[in-house]
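> Below you will find the structure I want to go over with you.
The values are calculated or read from the model by the stated rules, or taken from the named source; none is laboratory data. Just so it is clear, the structure is predicted and the values come from calculations on it, not from any experiment. So basically every Cβ, Gly included, is an ideal-geometry build from the backbone, and we count neighbours across all protein chains shown. For accessibility, only protein heavy atoms count, side chains too; no ligands or nucleic acids. Shrake-Rupley method; radii C 1.70, N 1.55, O 1.52, S 1.80 Å.
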Amino acid sequence: MSNPPRIAFLKGHGTENDFVIVPDPDGRLDLPAAAVARICDRRAGLGGDGVLRVVRSAAHPEAHAMADETEWFMDYRNGDGSVAEMCGNGVRVFARYLLHAGLVEAGDLAIATRAGVRRVHLAKTGEVTVSMGRAELPEESVVVTVGGRSWPARNVNMGNPHAVAFVEDLDHAGELRAVPPFSPAGVYPDGVNIEFVVDRGPRHVAMRVHERGSGETRSCGTGACAVAVATARRDGADPAVTGTPVTYTVDVLGGSLSITEQPDGTVEMTGPAVIVAEGTFDPAWAAEALA
C-alpha cells in the first residue's frame, strides 16, 4: 500500500493578516470549506485568516478566461472556508510566494483573482505594490450599530463589499468577534467587511476591521483601500475631478499601508509581504481534514 502524498504549505503575512499558502499548480487538490476551516484553526490547525491556493489559471475553471493574461490564479478562501472575490494583503503575499518559489522574477507581474486581474510590482525584498482596480461607490448605504452607538457607513466596493464607518474612538467598535449589526441588511446580501476609522493626522487614518468570514483581523488590504477612498471623499478629495493623485497612510493593527488613488480611479496599495515558514501537512491529518 503506497503512502499518501505529502501536501506542501507555507505560512506568510502582510501587515499581520496571515495566510496558509497551498501550492497546487495543476489544480488537483480538492479543498472543501470544512478543510479550509480546519487548516485555519489557530488551535487545531496551522492557523490563519485564510488560505491562498496557488493554481495555474489554465487549470482552474474560474480563471481559465484569464490564462492569456496571467499564468497564476489566487484561489482565496476566508478562514471559515467560504470563497472570497479578493484579498489585498493576500495578493501581496501570493506574489511574494511566487518569487520565493522561483515561479516569477522580480518586477511587474499579473495575478488572476475572482475580482479580475491585478497588476503587481514586486521587489526582490521589501514592499509590494498592487494595482487594486477602481473603487465603486454604490449609492445604497447602511447604518452600523455597536454597543448602543450607531454610525452611517459609506458603501465602497473594491471587488468585494465594504462598509466604512467613521468613529471617535476605535474602542467603540467593541470586540468584533461577531458581525456588527447593520441595516438595511439587503444592501449586502452576501455579507460585508466592516471598517471602523479614526483620524490620526493629515491624510492619515487608523482602522479596525471585521472581515466577512474571518472576524476581526490584524489587517485588510481591500479594506484599507476602501477606507482611503471613503476618507478622500469625506475630505472633499476626488482625483478624477482634480487630476491629482491622493495618498493616505492607513494604520492597521499589524502595521501601515500606503494607499494612492490615481486620477483614472485606479487604487494602488503598497505594503510588506513576508514568508515565515514552509513544510508539509502530516499525511494522516491531511487525509482526515480533506475527507
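> Peptides 149-162, 98-111, 37-50: what's the order by average Cβ count within 10 Å, highest mean first? Mind dumping the intermediate values first?
Values: 149-162: 21.1, 98-111: 16.0, 37-50: 18.4.
Put in order of decreasing packing, that is 149-162, 37-50, 98-111.
> Let me ask something else. Give, as a single signed number, the net charge of other residues whose beta carbon lies under 11 Å from the beta carbon of Val104, with Lys and Arg counted +1 and Asp and Glu -1. Write out the running numbers ahead of the final one.
Working: positive: Arg96; negative: Glu71, Glu105, Asp108.
With Lys, Arg at +1 and Asp, Glu at -1, the neighbours total -2.
> For segment 154-291, which whole percent of the accessible surface, found with a 1.4 angstrom probe, sits on carbon and sulfur atoms? Show your work: numbers first, answer last.
Working: 2810 of 5580 Å².
Within segment 154-291, the accessible surface is 50 percent carbon and sulfur.
> For segment 78-98 and segment 195-214, what is the separation of their Cα centres, given in Å?
For segment 78-98 versus segment 195-214, the Cα centre distance is 19 Å.
> So in segment 179-291, what percent of DSSP beta bridges are antiparallel if you round to the nearest 5?
On the way: 20 of 23 bridges.
In segment 179-291, DSSP labels about 85 percent of beta bridges as antiparallel.
> Going by the alpha-carbon gyration tensor, a ≥ b ≥ c the square roots of its eigenvalues, is segment 1-156 rounded (a/c under 1.5) or, if a/c is not under 1.5, prolate (a/b greater than b/c) versus oblate? The partial results should precede the final answer.
Working: a/c = 1.77, a/b = 1.28, b/c = 1.37.
Judged from the Cα gyration tensor, segment 1-156 comes out oblate (a/c at least 1.5, b/c at or above a/b).
> Let me ask something else about it. How large is the dipole of the chain about the Cα centre if only Lys and Arg carry +1 and Asp and Glu carry -1, each at its Cβ, rounded to the nearest 20 debye?
On the way: 26 positive and 38 negative charges, 76 e Å.
Result for the chain is approximately 360 debye, rounded to the nearest 20.
> I would also like to ask the following. Short version: ³J(HN,Hα) in whole Hz for each residue of segment 118-132, in order, from phi by Karplus 6.51 cos²θ - 1.76 cosθ + 1.60 (θ = phi - 60°), x for Gly and Pro, what are they?
Per residue, the Karplus-derived 3J(HN,Hα) values read 10, 8, 10, 10, 10, 7, 4, 9, x, 7, 10, 10, 10, 7, 8 Hz.
> Let me ask something else. So what is the accessible area of the chain per residue, in Å², with the probe set to 1.4 Å?
Details: 12660 Å² over 291 residues.
Each residue of the chain exposes 44 Å² on average to a 1.4 Å probe.
> In terms of modelled amide H atoms, which long-range or inter-chain residues lie less than 5 Å from the amide H of Val128?
Gly271, Ala273
> Which ³J(HN,Hα) values in Hz, rounded to whole numbers, follow from the phi angles of segment 258-266 under the Karplus curve 6.51 cos²θ - 1.76 cosθ + 1.60, where θ = phi - 60° and Gly and Pro get x?
With coefficients 6.51, -1.76 and 1.60, one gets 9, 10, 10, 9, 8, x, 7, x, 5 Hz.
> I want to verify the translational diffusion coefficient of segment 136-287 in µm²/s; compute it with Stokes-Einstein, Rh as the Kirkwood radius over Cα pairs, at 10 °C and 1.306 mPa s. It would help to have the intermediate numbers written out before the result.
Working: Rh = 16.3 Å.
Roughly 97 µm²/s, to the nearest whole number.
> Once the other residues with Cβ under 15 Å from the Cβ of Arg234 are scored (Lys, Arg +1; Asp, Glu -1), what is the net sum? Walk me through the intermediate numbers first.
Numbers: positive: Arg154, Arg200, Arg203, Arg233; negative: Glu168, Glu195, Asp199, Asp235, Asp238, Glu261.
My count for the surroundings of Arg234 gives -2.
> Run the helix sum for the chain: -39,500 (n - 2.57) per DSSP H stretch of 4+ residues, divided by residue count, reported at 222 nm to the nearest 500 deg cm²/dmol. Don't skip to the answer; put the middle values down first.
Details: 5 runs with 47 residues, N = 291.
Computed mean residue ellipticity for the chain: -4500 deg cm²/dmol.
> How would you rank 66-78, 196-208, highest first, on the average number of other Cβ atoms within 10 Å across their residues?
Numbers: 66-78: 21.0, 196-208: 18.2.
Final packing ranking: 66-78, 196-208.
> In bins 10 Å wide, starting from 0, what share of all Cα pairs of the chain does each bin hold, as a percent?
It works out to 7, 29, 35, 21, 7, 1, 0, in whole percents.
> Would you mind working out the magnitude of the charge dipole of segment 81-151 relative to its Cα centre, with +1 at each Lys and Arg C-beta and -1 at each Asp and Glu C-beta, to the nearest 20 Debye?
Details: 8 positive and 7 negative charges, 45 e Å.
The dipole magnitude comes to about 220 debye.
> With θ set to phi - 60° and the Karplus curve 6.51 cos²θ - 1.76 cosθ + 1.60, what are the ³J(HN,Hα) couplings of segment 34-50 in order, to the nearest whole Hz, using x for Gly and Pro?
Working through the residues one at a time gives 5, 5, 4, 4, 5, 4, 7, 4, 7, 10, 10, x, 6, x, x, 7, x Hz.
> Moving to a separate point now. Kindly work out what percent of the DSSP beta bridges joining two residues of the chain are antiparallel, to the nearest 5. Could you put the intermediate results ahead of the total?
On the way: 69 of 83 bridges.
Looking only at bridges with both residues in the chain, the antiparallel portion is about 85 percent.
> Separate question: Collect residues whose amide H, placed 1.01 Å from N in the peptide plane, falls under 5 Å from the amide H of Gly50; neighbours closer than 5 in sequence don't count.
Val20
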